[in-house]
Amino acid sequence: MIRTTALLVLAGAATANAGIFSFASDFSDQSWTFSGEFHGGHFALEDGIGNADPMTLLIDDANGVLEPLSYQVDFNMHADVDYLSSTPIGGGKFLHTYVVEETFAGWFTDTGPVLEMTFDGSIITVVGDEFSWDSAGSMFGADSWADVQYTSYIDAPAYGMYVGDSVGPQDFGFSLTAINTSGALPYDFGSPGAALDPQTMFPIDEIFAEGSYSGSARFVPTPATATLLLGAGLMGIRRRR
């Protein structure tokens, strides 16, 4: 009976619910979430948020009953982007598609990282005219078709979070809104979108965009944590006896 219960303790730890992570663009309300520029033959999309305008990262217990964990963080990201295709979708509009390569993203407090993510082979889509972007798009990926990997630096078992790398399934999505080339704050709604270079199919000028985020990943306890959970389970059994 003790052995069976101990195994159930370990099984429960290994199948803990995934953590769900998110931030809203207005959590950093005096910065553009993203900036992007074609330079040196390549387009790079980066965070536009500085330490002086921190963002609020929420970690939820997979839509359970607990209140989300909240961290004031500096968001950092660098993504290398390659052009993939432009597909007419009617009404003179095109779906411009790009593949995102070798990307790092991280959320850091003053004392160190909370969560990091790498991804490779994810997708950016933006609708526009043949040689322009309109003001909205998205960037997303899942480990079923792109190389998505999270690393957690917090230990919060009730939220499915353990220190270490995620084991999947894992995914992410960023919105891209208010895309523009002026970079002015407050945002001037009179000049949305961006003109594209017909040769590269990337914006001719530097772009700026707002963006919200949501992602999920599953973590399992390290052997040391699993041993502690097993010990706690056995102690509980002895008390009940």
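Would you calculate a helix-derived [θ] at 222 nm for the chain, using -39,500 (n - 2.57) for each DSSP H run of n ≥ 4 and dividing by the full residue count, to the nearest 500? Walk me through the numbers on the way to the answer.
Working: 2 runs with 31 residues, N = 241.
Calculated mean residue ellipticity at 222 nm is -4000 deg cm²/dmol.
What does the highest-first list of 140-148, 108-116, 172-180 look like by mean Cβ count within 10 Å? Intermediate values should be presented prior to the final figure.
Values: 140-148: 17.6, 108-116: 14.7, 172-180: 21.2.
The densest-packed peptide leads the list: 172-180, 140-148, 108-116.
Ranked from highest to lowest mean number of other Cβ atoms within 10 Å per residue, what is the order of the peptides 81-88, 132-139, 97-104?
Numbers: 81-88: 13.9, 132-139: 19.8, 97-104: 17.6.
Top of the packing list down: 132-139, 97-104, 81-88.
Of all beta bridges DSSP finds with both residues in the chain, what is the antiparallel percent, to the nearest 5? Please report the intermediate quantities before stating the final value.
On the way: 83 of 83 bridges.
Antiparallel bridges make up about 100 percent of those DSSP assigns within the chain.
So how far, in whole Å, is the C-alpha centre of the range 115-146 from the one of the range 64-80?
That distance is 19 Å.
Counting only C-alpha contacts under 8 Å and six or more residues apart, can you give the relative contact order of the chain as a whole percent? Could you put the intermediate results ahead of the total?
Numbers: 607 pairs, mean separation 53.5, N = 241.
Relative contact order for the chain comes out at 22 percent.
Charges on Cβ only, +1 for Lys and Arg, -1 for Asp and Glu, centred on the Cα centroid of the range 17-219; of Asn63, Gly190, Tyr98, which one is farthest towards the dipole's positive end?
It is Asn63, whose Cα lies furthest towards the positive end.
Ratio of alpha-carbon Rg to the 2.2 N^0.38 Å globular estimate for the range 138-221, to two decimals, please. Mind showing how you got there, number by number?
Values: Rg = 18.0 Å, N = 84, 2.2 N^0.38 = 11.8 Å.
Normalised Cα radius of gyration, the range 138-221: 1.52.
Modelled label-to-label distance, Ser138 and Asn76, 7 Å Cα→beta-carbon offset: nm?
In this crude label model, Ser138 to Asn76 measures out at 2.9 nm.
Determine one quarter of the surface area of the Cα convex hull of the range 17-219, which equals its mean projected area, and express it in nm² to one decimal. Mind dumping the intermediate values first?
Working: hull surface 47.3 nm².
Averaging across all directions leaves 11.8 nm² for the Cα convex hull.
In what order do Thr56, Thr200 fall by count of nearby beta-carbon atoms within 10 Å, going from fewest to most? List each step's numbers first, then the result.
On the way: Thr56 16, Thr200 13.
Taking fewest neighbouring Cβ atoms as first place, the list is Thr200, Thr56.
Rule-based calculations on the coordinates, nothing more; no lab input. Note that the coordinates shown come from a computational prediction; the quantities given were computed from them, not determined experimentally. We place every Cβ from the backbone using ideal geometry, glycine too, and count neighbours over all the protein chains shown.
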